[in-house]
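Take a look at the structure set out below.
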Amino acid sequence: MTNKMKKIPLILMLGPQASGKSSFIKMNNLQNYTISGDEIRIHLNGINSNNGHPQINFVPQTESIVWHIFYEELDTRLQNKLPTVVDNTNLAAHGFNPINDILKRVPIDYQVYVIDCFKPLLNSKDPFSEKSLNHALKILAQRNHDREYSVNMDIIKRFVDYYANFKVPDKVIVISSADLQQAQDVIDMVLNYQ
């Protein structure tokens, strides 16, 4: 077994809200390895109702607390050398890259993977065309409506814009959630890590 294979896996989910990140985690039994900003928000802020549909209550005044708790959990898992999955959009704009922020904390005995859940929704030949992005937004809107806790569509649209201009750092291995074999290999690394 090579050193690379022995590294502890850290998976960063990537994609706007409703792109399938949490569903991917649930379908692959990764919940016990997962840190989620939305779960922390629910614990701190609760759920509100948007036209009778439960919606995560986003409270700007508590965001610093959400991120403090998130990074405490992440740092603790990394110090304890535990395989970890980060269930956040991991997208941003205006020069801020949350993946870079996480990478600053990651010890050298980890290999960081990004599972991209948005790429499969885009046209492979022209992913950032208006037609492709509009098609993906329609899928996200339906998924958002059907999910347990919805998110305001303005937020989803903003994160789709972020995705179009986002760059994943070179030292991270990016895998499309549609690449079943590669995704399964990384899932197995998490589930079977000793």
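Out of Leu91, Leu82, which single residue is touching a residue at least 60 places away in the same chain (Cβ under 8 Å), surrounded by fewer than 19 Cβ atoms within 10 Å (Cβ to Cβ), in a loop (DSSP other than H, G, I, E, B) and not charged (D, E, K, R)?
Numbers: Leu91 fails: surrounded by fewer than 19 Cβ atoms within 10 Å (Cβ to Cβ).
From the options Leu91, Leu82, the qualifying one is Leu82.
(1) polar (S, T, N, Q); (2) open to solvent by less than 40 Å² (accessible area, probe 1.4 Å); (3) part of a loop (DSSP other than H, G, I, E, B): which one isn't true of Ser124, the others all being true?
It fails just one condition, (2).
Yes/no matrix, rows are residues, columns are (1) surrounded by 12 or more Cβ atoms within 10 Å (Cβ to Cβ); (2) within 21 Å of Glu148 (Cβ to Cβ); (3) among the hydrophobic types (A, V, I, L, M, F, W, C):
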residue	(1), (2), (3)
Ile11	yes, no, yes
Gly15	yes, yes, no
Ser19	yes, yes, no
Asn32	no, yes, no
Asn48	yes, yes, no
Ile56	yes, yes, yes
Pro60	no, no, no
Ser64	no, no, no
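Can you go through Gln142, Gln194 and tell me which one is of a type outside the set (Asp, Glu), closer than 22 Å to Val85 by Cα, out of contact with any helix residue (DSSP H, G or I) (no Cβ under 8 Å at 6 or more places or on another chain) and open to solvent by 70 Å² or more (accessible area, probe 1.4 Å)? I'd like the intermediate steps shown before the answer.
Values: Gln142 fails: closer than 22 Å to Val85 by Cα.
Within the list Gln142, Gln194, the selection yields Gln194.
Take the residues of the range 51-91 that are polar (S, T, N, Q) and under 17 Å from the mean Cα position of the chain (by Cα): which is modelled with the highest pLDDT?
From the range 51-91, those polar (S, T, N, Q) are 51, 55, 57, 61-62, 64, 76, 79-80, 84, 88-90; that's our starting set.
Retained after the next criterion (residues that are under 17 Å from the mean Cα position of the chain (by Cα)): 84, 88-90.
On the way: Thr84: 98, Asn88: 91, Thr89: 90, Asn90: 87.
Top of the filtered list is Thr84.
The values are calculated or read from the model by the stated rules, or taken from the named source; none is laboratory data. As the structure is a computational prediction, the values presented were derived from the model and not from experiment. Cβ atoms come from the backbone with ideal geometry, glycine included; neighbour counts cover every protein chain shown. What goes into the accessible areas is simple: the full protein's heavy atoms, side chains included, and nothing from ligands, DNA or RNA. Shrake-Rupley method; radii C 1.70, N 1.55, O 1.52, S 1.80 Å.
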